[in-house]
Amino acid sequence: MASFSSPHPPPPPLEDASSSSLGSNADLDLPHVNLVFIGPCSSGKSTMAGRLIVDSNAIDQRLFERIQQTAVEQGKPDRCYAWVLDKLQSERDRGGTMHVAFWRFASRRCRFTIVDAPGHADFAKDIVTAMSQADIAVLVVSADEQQELGADGSAQCREHTLLAYTLGLRQIVVCVSQMDECKFSEESFEEACRVVQRNLHLAGLKTHDVYFDVHFVPTSGLTGDNVLSRSESMPWYCGPTLVEALDDAVASHFKPERPLRVLLQEVMKIVGTGLVAVGRIATGSLRKGSVLEFAPGRLNCQVLAISKHHEELECAGSGDVVNMTVDIDGGLRAGMVGAMIEEDCPARECSSFVAQVIVLAAPKSGEITPDSVLWVQCHMAQVPCAFEDLVSRTDRCTGQVLEMKPSCLRPGDAAVVRLRPHAPLCVEAFADFPPLGRFSVVDQKITVAVGVV
């Protein structure tokens, strides 16, 4: 899926999304997933996401016309789709995303919340934040030879994909963008696919296997080819459009229902309302009137009201980010995990846990050794953890044990380790609850490692 001194803020209000013709009550019965756009800088992530929003009628047409006019006035007409999500003037001046942006849209088969992540390494925290909230990833790469990956782009592609995989994203759609720049050439598309497949192989990942499914779609965010409707400029391509590929990925993503887990992002006291907790439903479903137990701390409370996007709900499902009004005055905090008491499957605080980690970069000390203490971000919690035991170093491609009890871990190593939190922390086995079983390790704004419990 970074300095984690403070919890993630909740997603900002989804401006004008409520005016979408695809945001009607009928669509609330569709499954909901969070969709993260990742990839190297200047590959067209925000443009592709913006085109998807505009073509899906998920933005008020008058608002988009104002964005178009502003882009023309500033001499950047080709940035109008990117500016749907890049709202800050600093982002527009820089020409790239600097903060995570959210927006809703719906296809015929699913409701999506777009999570647009920065591509630059300076914003590693935001990249991991976005991936930690996502269910499916869209990896955007350019087909334009002038924008080909290069060494830095290839490294970003590998790191983003490996982060996504380790953070539990098993469905990835590779969006080969800017096809208009190469005159919709089939050769350019095939070469871009080969480059991505080579980078995935170097990262230790395979495409189209039972554990990791990757779809390739040639598109153009600027012209809209193969985004929502099939392109007439690419008669050689017979596969799905971007939206069709996303719908197929959603169908493969959903698994049998698991018990409820609510991940708290923020807790607020509102005059006249009481205590309101903002959280994401990671698994299961939440109903008004449910009695929840939160860990760490085993704090019980009843859910008096549920709201989402300023709409009152009787129930909410997996993937939804909701506001919950509860019947207690305090005690809740960001990073806690709620479970339904009647399901008899409580979330539990751990004293230590065993995890598979992949080291991406060296910490300030130079290497990870037994008793190294680094910050761990798991779901919405950030806690310092000690590497209590380096159990084994493994081949990250095959999982084969290369060394027992290694003295240290360096960038590129994969290992099984035992971590001991220095503060209360709730985690679950990745196989049982994926959102609670994936984490990242950080040291002074650098993502040092990622792992699964």
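The values are calculated or read from the model by the stated rules, or taken from the named source; none is laboratory data. Keep in mind it's a predicted model, so treat the numbers as computed, not measured. Every residue, glycine among them, receives a Cβ derived from its backbone with ideal geometry; neighbour counts consider all protein chains shown. Accessible surface areas use protein heavy atoms only, side chains included; no ligands, DNA or RNA. Shrake-Rupley method; radii C 1.70, N 1.55, O 1.52, S 1.80 Å.
If you check Ala361, Ala386 for being among the small types (Gly, Ala, Ser) and not in a strand (DSSP E or B), only one passes: Ala361.
Looking across Gly284, Gly272, Gly221, one residue alone is more than 28 Å from Cys378 (Cα to Cα), at pLDDT below 85, in contact with a Ser or Thr (Cβ under 8 Å, 6 or more places away or on another chain) and small (Gly, Ala, Ser). It is Gly221. Can you find a residue in segment 254-273 that is touching an Asp or Glu at 6+ places or on another chain (Cβ under 8 Å), part of a loop (DSSP other than H, G, I, E, B) and hydrophobic (A, V, I, L, M, F, W, C)? Checked against the condition, which is being touching an Asp or Glu at 6+ places or on another chain (Cβ under 8 Å), part of a loop (DSSP other than H, G, I, E, B) and hydrophobic (A, V, I, L, M, F, W, C), segment 254-273 yields at least one hit.
Close contacts from segment 319-335, counting a first residue that is open to solvent by less than 20 Å² (accessible area, probe 1.4 Å) and assigned to a loop (DSSP other than H, G, I, E, B) and a second that is among the charged types (D, E, K, R) and modelled with pLDDT of 80 or more, with Cβ to Cβ under 8 Å and a gap of 6+ residues or different chains, come to Gly319/Arg280; Asp320/Arg280; Asp320/Lys308. The single condition among (1) among the charged types (D, E, K, R); (2) surrounded by 19 or more Cβ atoms within 10 Å (Cβ to Cβ); (3) more than 24 Å from Val322 (Cα to Cα) that Asp248 does not meet is (2). Exactly one residue out of Gln382, Gln377, Gln356, Gln400 is closer than 26 Å to Leu162 by Cα, open to solvent by less than 20 Å² (accessible area, probe 1.4 Å) and at pLDDT below 85: that is Gln377. Scanning segment 284-301 for residues that are closer than 18 Å to Val321 by Cα, open to solvent by 70 Å² or more (accessible area, probe 1.4 Å) and not in a loop (DSSP other than H, G, I, E, B) gives a single hit, Arg287. If I filter segment 205-218 down to residues being out of contact with any Phe, Trp or Tyr (no Cβ under 7 Å at 6 or more places or on another chain) and surrounded by 18 or more Cβ atoms within 10 Å (Cβ to Cβ), which single residue comes out as modelled with the lowest pLDDT? Of everything passing the filter in segment 205-218, Val214 is modelled with the lowest pLDDT. From Asp126, Asp93, which residue is more than 17 Å from Ala164 (Cβ to Cβ), at pLDDT below 80, open to solvent by 20 Å² or more (accessible area, probe 1.4 Å) and part of a helix (DSSP H, G or I)? The conditions single out Asp93.
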